[in-house]
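K.L.:
Would you mind keeping the following structure in view while I ask a few things?
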Amino acid sequence: MESDEQNQDLERKVTVENLNIEILPIIYEIIRSVEKDHHDNTAKTRESQDCSQKVLELQKRLDQARAEIRMLPGIDYSKEQQLHHLEALKTQLKLKQELLRKYRYMYTFEIPK
C-alpha cells in the first residue's frame, strides 16, 4: 500500500524538466571509438569491446529514458484526447478572463462606517 503511494508521488513529481536523459556524450564516445583506426589487432579488439560496452550503456540509458517518459502525466492520452483537453482548457481560460474583466469594471460598493 505504501509503495503505491510512493509511486503516485513520484508520478506527480515527474516533469519534462526533471527528466535525466543524457545520451549525447555516449553517442559521441561511440562515434569517436568507431572513427579510430588502429593498426594493432589487440588494440582493435580492445576498442571493439569498449565500443560494445558503450552501445550497451546507450541502450540502458535509452530504456531508462523511455521508462521516465512513460511516467509523464498525460503521456497515455491520444493526440485527439490531448487536443480536446487543450480546447477545453482554452475555453476555461477565456471564460475566466471574461469574468475577471467583468469584476474589474464592476461598480464598487462603499461600506458605510
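K.L.:
Between Lys102 and Lys90, what is the label-to-label distance in nm when each label sits 7 Å out along the Cα-to-Cβ direction?
P.N.:
Simple spin-label model gives 2.2 nm for this pair.
K.L.:
How much length would be gained if the chain were fully extended between Glu47 and Arg70, taking 0.36 nm per residue of separation minus their Cα-Cα distance, in nm to one decimal?
P.N.:
Once the chain is fully extended between Glu47 and Arg70, it gains 4.8 nm.
K.L.:
OK, next. Write out the chymotrypsin sites (Phe, Trp or Tyr not before Pro) in the stretch 35-113 meeting two conditions: DSSP loop, and at most 14 other Cβ atoms within 10 Å of their Cβ.
P.N.:
The qualifying sites are Tyr77, Tyr105, Tyr107, Phe109.
K.L.:
While we're here: Shape verdict for the stretch 24-89, please, from the Cα gyration tensor: rounded (a/c under 1.5), prolate (a/b greater than b/c) or oblate.
P.N.:
Here the stretch 24-89 falls in the prolate category.
Throughout, read-outs are computed from the coordinates displayed, never taken from laboratory work. No experiment lies behind these values; they were computed from the predicted model shown. Backbone-built Cβ (ideal geometry, glycine too); neighbour counts: all protein chains shown.
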